[in-house]
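Worksheet for the structure shown next.
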Amino acid sequence: MRRDLPRNILVRAPNWIGDAVMCEPAIRGLRSLFPEAEITMLAKRAVAELFSAAPELSRVVVYDDKGPHAGLSGKWSLAGTLRRHDFDLAVLFQNAFEAAFLAWLAGIPQRYGYATDGRVFFLTTPVAVPSRSRGVHQVEYYWNLLKPLGLSGGASSPTLCVTVDESRQVDVRLAGAEVGLSDIVIGINPGSTYGSAKRWLPERFAEVAQRLAERIGQDENAQVVVVILGAQGEESLGRDIAARINGRSVVLSGATTIRELMAVVKRCRLLITNDTGPMHIAAACGVPVVAVFGPTDSHTTAPYGQERSIVREAVDCAPCFLRECPIDHRCMTRIPVDRVYEAAVQQLSGLSRVSGLSRPDNTDQTNILSGYTIFLDRDGTLNPDPGYIKSPDQFELFSGVSEALARLKRAGARLIVVTNQSGIARGLLSRKDLDAVHMKLKRLLDGAGVTLDAIYFCPHHPDDGCECRKPNRGMIDQAVRECGVTLDHSYLIGDHSRDIELAKRVGVRSILVTTGVVSPQDAERLKASGPAPAWVASSLADAADWLLSDASRASVQIRGRQVAHT
């Protein structure tokens, strides 16, 4: 299929929340393949709500098969609505026969999807289903569907956008339950709409939550609140667990929309959960997860990028994928409280803000980066990269970015953004549009007390042969002239091989984050075939950890040489 062919694309999303989250990297990949196309998602109501703020989508259409789209007449009506959009390509991530039939009924000329459920007749481009015996993760399963379209590399981790207003509204709601902004929130998600077989025991959830709350409260001298989440119908389960916790708790089971659930989860320091949709939402919002698995397969549906978060018991009958256990539920009842608690401590150990649970680090990092400059790529490093960001409404930071940059600022670093913005030359956005996006970037960072020292951008087309487009060094040289940057006291953080190549050309140390186009697997290949980064990080927070440690080591070495010279 020619890359310049589709201009109006329909995406049929999976029906389940967890599957839809795991599909998100592939949707971003589709946007990167066709950056100028209109991309419309057709999804059931809960999934449509999940993606309502996704920057990679142009619009979301709700498929209500219990209301106006029920029955054959409803399908005919929906097909008519889709036909009026004049789509030229349908990408069917949902595997059912119905998805292909609807696309055919809507007269979409190119219909692309896996050859499942007897629907080959309705697909113009059926893609062979990969063997499930190889244990392909569901994120990669969706990603690999697009490889015949030209998508390359490995999948990045799912990312979901929660708007600033949504976060504020949840803060207000929690304040009404006497949960302050400085309180630490531990999330518990004890239910499962799939069936009781996926549920760990409620009294064990309560005991783990209480032990964590006591430990974190003592270590940080802070107030800790346990927030219990769940779907409609799980309210009594939430109340039962709250009654077992000797401490502060808030029950939100059955009392949140999908967008509110996302904002609450993002507020959590940690989420302890069964294998459910909120588990994937938390991971996509950058929240550490502890996931208790029983009848399902953690190799294919674990929270992507948080594989160490899994707690499961190896029993002969698992994974069985049954909704209800016909025997003694041994896959869950044999998992003790201590194992889940220890997994939670391990997950929290990566967060420096949890002093008693953090990695040991006795180095005083005050002003350790004084005189240093950190060059930052933008799209894929600070924020999700949907292709071209044309307005502030499409721009949101990755979870944890503000906090990571605040740590670098407190350590004395200057922060300078260097970003390629060929969308200006392509006529997709104006300089005024770009200024508005960067104003929102500054506003989001202001909330964490972070001020950028400069933003440099290249507005040229890749074919222009300019000196400023990365990996060319023009923007760095401009920063040297205008900001007095010393390159031997500089780092560059980016998500693309061109960022690493630029760092090599100007002689600074580089950190590759795998939040954008380069997956961890691609990073390993890059080390072997191209300019190797000094460090590969899973997030900007991870990059900041390593950078501060590296600068601390360099400072110790310099002091050692000074003492030896004296």
So how much slack lies between Glu178 and Glu307, counting 0.36 nm per residue of separation and subtracting their Cα-Cα distance, in nm?
43.0 nm
Using 0.36 nm times the number of residues separating Ala128 and Glu342, minus their current alpha carbon distance, what extension gain do you get?
72.9 nm
Taking the Cα atoms of region 164-357, report the difference between the largest and smallest coordinate on each principal axis, in whole Å and largest first.
45, 34, 31
Considering the dipole of the chain built from charges on the beta carbon (Lys and Arg +1, Asp and Glu -1) around the Cα centre, which of Ile368, Thr273, Ala222 is farthest to its positive end?
Ile368
Relative contact order (percent, whole number), the chain, Cα cutoff 8 Å, 6+ residue spacing
12
Among Phe101, Phe457, which comes first, then next, by fewest other beta-carbon atoms within 10 Å?
Phe101, Phe457
Restricting to Cα pairs under 8 Å and 6 or more apart, the percent relative contact order of region 164-357 works out to 24
Among (i) 25.1; (ii) 28.2; (iii) 31.0, which one is mean projected area of the Cα convex hull in nm² computed from these coordinates?
(ii)
Here P(r) for region 362-437, Cα-Cα distances in 5 Å bins, as whole percents, is 3, 14, 20, 21, 15, 12, 8, 4, 2, 1, 0
For Arg7, Arg469, what's the fewest-to-most ordering of other Cβ within 10 Å of each Cβ?
Arg7, Arg469
Return the distance in nm (one decimal) between the two label points of a simple spin-label model at Arg431 and Ala406, each offset 7 Å from Cα along Cα→Cβ.
3.4
With +1 on each Lys and Arg Cβ and -1 on each Asp and Glu Cβ, how big is the dipole of the chain about its Cα centre, in debye rounded to the nearest 20?
560
For region 373-565, what's the radius of gyration and Dmax over Cα atoms, in angstrom?
16.5, 59
At 0.36 nm per residue, and after removing the present C-alpha to C-alpha distance, how many nm does the segment from Arg334 to Phe121 gain when stretched out fully?
72.0 nm
Ordered by fewest other Cβ atoms within 10 Å, a rough proxy for footprinting exposure, Trp16, Trp143 read Trp16, Trp143
Can you list, by residue number, the Cys in the chain that have no neighbouring cysteine C-beta under 4.7 Å?
Cys23, Cys161, Cys268, Cys285, Cys317, Cys320, Cys325, Cys331, Cys466, Cys483
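Quick note: the coordinates plus some simple rules give every number you see, no bench work behind them. Because the structure is predicted, anything quoted here is derived from the model rather than measured. Quick reminder, even Gly has a Cβ in these numbers, built from the backbone with ideal geometry, and neighbours come from all protein chains shown.
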